[in-house]
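Have a look at the structure below, then the notes.
The values are calculated or read from the model by the stated rules, or taken from the named source; none is laboratory data. Since we're looking at a predicted model, the values are computed, not measured. FYI the Cβ positions are ideal-geometry reconstructions off the backbone, even for glycines, and counts take in every protein chain you see.
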Amino acid sequence: MKKIQISPSILGVKKDCLSLVCNQLIKAQSDLIHFDVMDGVFVNNKSFVDDEISLVSSLVSHKIIDVHLMCKDLKYYIPQYANEKVKYISIHYEAVDNLSLIYYSDIIRSLNIHPGIVINPETDVIEIIPLLNCFDLVLVMSVHPGLGGQVFIESSLDKIKFLYDYRKNNNLKFVIEVDGGINAETSKKCIESGTDILVSGSYIIKSDDYKKQIESLKQYERDLY
């Protein structure tokens, strides 16, 4: 049976609550913890640009942190988040040119971290085909980056299906992640389309039972497979 992973986004969790929330997510058997870094340049808002990565990494025992850099200055930000507990660092296709994306994917890999590439809703998935063999993860944004609680963009499903088929037909190994508007209903559509990792923020974090919410996102996995 295919195993779907859940990566709860802690965007919006206040610093003084991070320890409590992350400990609860670990107890709820979260597969990953999604760490959204916003620089105030690539997107208007700022988040997790201080020492929060050290705080979160101190709470986990293995590589579980899933870093999403919504940043322009990758030369600065990648080393800041190359923590030993980080499994993925994903960078935006829209942030730099293709040669720079390949360069930074190599830098991330040299740090013993899996490199990921992110595409915004307005980006045609065809554009990243030449880059797919350089990355271990493709993150499809199903909302516009920068704010939590947005509505899922249905056209994201076509991108997921394309990536799933392209991976299969070309014997590639990257995993497919989707972020934005993920709940019990949209998770079914994403899993059916070929998603491997679901990023979910408000649906999990604003609930009073993280484990129940995480299991509900995986329910369709069990039904489908």
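Taken together, Val49, Val60, Val118 contain a single residue that is touching a Gly at 6+ places or on another chain (Cβ under 9 Å) and β-branched (Val, Ile, Thr), which is Val49.
Residue-wise test of (1) touching a strand residue (DSSP E or B) at 6+ places or on another chain (Cβ under 8 Å); (2) modelled with pLDDT of 95 or more; (3) not in a helix (DSSP H, G or I).
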position: Glu185; (1), (2), (3): no, no, no
position: Glu192; (1), (2), (3): no, no, no
position: Thr195; (1), (2), (3): yes, yes, yes
position: Val199; (1), (2), (3): yes, yes, yes
position: Ile204; (1), (2), (3): yes, yes, no
position: Gln213; (1), (2), (3): yes, yes, no
position: Leu217; (1), (2), (3): yes, no, no
position: Tyr220; (1), (2), (3): no, no, no
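Scan Val49, Val56 and give me the residue that is in contact (Cβ under 8 Å) with a residue 40 or more places away in the chain and out of contact with any Phe, Trp or Tyr (no Cβ under 6 Å at 6 or more places or on another chain).
Details: Val49 fails: in contact (Cβ under 8 Å) with a residue 40 or more places away in the chain.
Among Val49, Val56, only Val56 is in contact (Cβ under 8 Å) with a residue 40 or more places away in the chain and out of contact with any Phe, Trp or Tyr (no Cβ under 6 Å at 6 or more places or on another chain).
Listed by first and then second residue, the pairs with beta-carbon distance under 8 Å, at least 6 apart or on different chains, first residue in the stretch 158-173 and β-branched (Val, Ile, Thr), second surrounded by 12 or more Cβ atoms within 10 Å (Cβ to Cβ), are Ile160/Val140; Ile160/Ile176; Ile160/Val178; Ile160/Cys190; Ile160/Ser193; Ile160/Gly194; Ile160/Thr195.
A quick yes/no check of all residues on (1) of a type in the set (A, V, I, L, M, F, W, C); (2) surrounded by fewer than 13 Cβ atoms within 10 Å (Cβ to Cβ); (3) touching a Cys at 6+ places or on another chain (Cβ under 9 Å):
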| residue | (1), (2), (3) |
| --- | --- |
| Leu101 | yes, no, yes |
| Ile108 | yes, no, no |
| Asn112 | no, yes, no |
| Thr123 | no, no, no |
| Ile126 | yes, yes, no |
| Leu132 | yes, no, no |
| Val138 | yes, no, no |
| Met141 | yes, no, no |
| His144 | no, no, no |
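Annotation: of all residues in the stretch 69-90 being under 21 Å from Asp31 (Cβ atoms) and under 14 Å from the mean Cα position of the chain (by Cα), the one that is surrounded by the fewest Cβ atoms within 10 Å (Cβ to Cβ) is Lys87.
For the stretch 63-115, the set of residues classified as among the β-branched types (Val, Ile, Thr), closer than 19 Å to Met38 by Cα and in a loop (DSSP other than H, G, I, E, B) consists of Val96 only.
Using the structure shown, decide if Phe174 is within 18 Å of the chain's Cα centre (by Cα) and closer than 23 Å to Ile113 by Cβ. Full working, then the answer.
Numbers: within 18 Å of the chain's Cα centre (by Cα): yes; closer than 23 Å to Ile113 by Cβ: yes.
Against the criterion (within 18 Å of the chain's Cα centre (by Cα) and closer than 23 Å to Ile113 by Cβ), Phe174 qualifies.
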